[in-house]
Amino acid sequence: MPWLTAAYPPHHPARYPYLRIRTLAPGETAPLLAVFAQLGPEARLQRYHAPWPHLPERMLRALADLHPQRHVALLASRGDRPVAIGRWQLERAISRDSDQTSGHQPSPTAEVAIEVVDRLHGLGVGSALLGELAVRALRAGVETFAMHVREGNTRAQSWLETLAAQPDPAVDGRWSVPVSRVVRQHPLQPPAA
């Protein structure tokens with residue numbers, strides 16, 4: 001699919017030369033399953049908010065339903081081995097001014113999720129993916145990243161605080177940060193489009 005490969009060919013970010021990052025194609029599930037298989041029970045609970053031993057088929061289909069303007073997923077690999085997945089997906093807002101047929105319109109906020117295999121936690125893999133996701137999101141018109149973090153996940157909360165993300169007082173576990181701030185803090189520029 002040319003819109004996936006022409007703008008962002010697989011590459012090694014300068015700050016993280018041990019990683020190869022590429023965009024997942026719509027319907028591509030093998031890397032999702034490979035990363036999930038390398039997550040321990042606690043990491044699965046933190047990422048999916050459920051202690052699944054296997055990804056449910058319905059969830060797998062939803063994770064692989066990708067589109068460059070509304071749902072982007074990136075794969076980080078070390079050698080040929082998938083080690084992390086990062087994604088952003090536009091949130092939908094219901095508005096009186098929106099299209100009368102659907103009642104939905106894109107929001108400038110995207111939900112972000114990152115999963116890194118257990119053995120590579122704390123080595124910058126999540127930061128590399130977040131920086132890459134932010135560049136793509138900014139180009140797609142996304143203004144804010146929102147993340148949902150389980151209560152007690154102090155490691156993720158500390159990481160979000162380093163990004164100057166703010167907890168949402170109205171929604172437990174929801175944090176947000178301007179995408180432009182993430183790009184400034186993680187100036188990882190993939191090859192130009």
Looking only at residues in the stretch 19-54 that are in a loop (DSSP other than H, G, I, E, B) and touching a strand residue (DSSP E or B) at 6+ places or on another chain (Cβ under 6 Å), which one is modelled with the lowest pLDDT? 19
Within the stretch 65-81, work out how many residues are assigned to a loop (DSSP other than H, G, I, E, B) and buried (at least 18 other Cβ atoms within 10 Å of the Cβ). 1
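The values are calculated or read from the model by the stated rules, or taken from the named source; none is laboratory data. Keep in mind it's a predicted model, so treat the numbers as computed, not measured. Here Cβ is always computed from backbone atoms with ideal geometry, including for glycine, and neighbour counts include all displayed protein chains.
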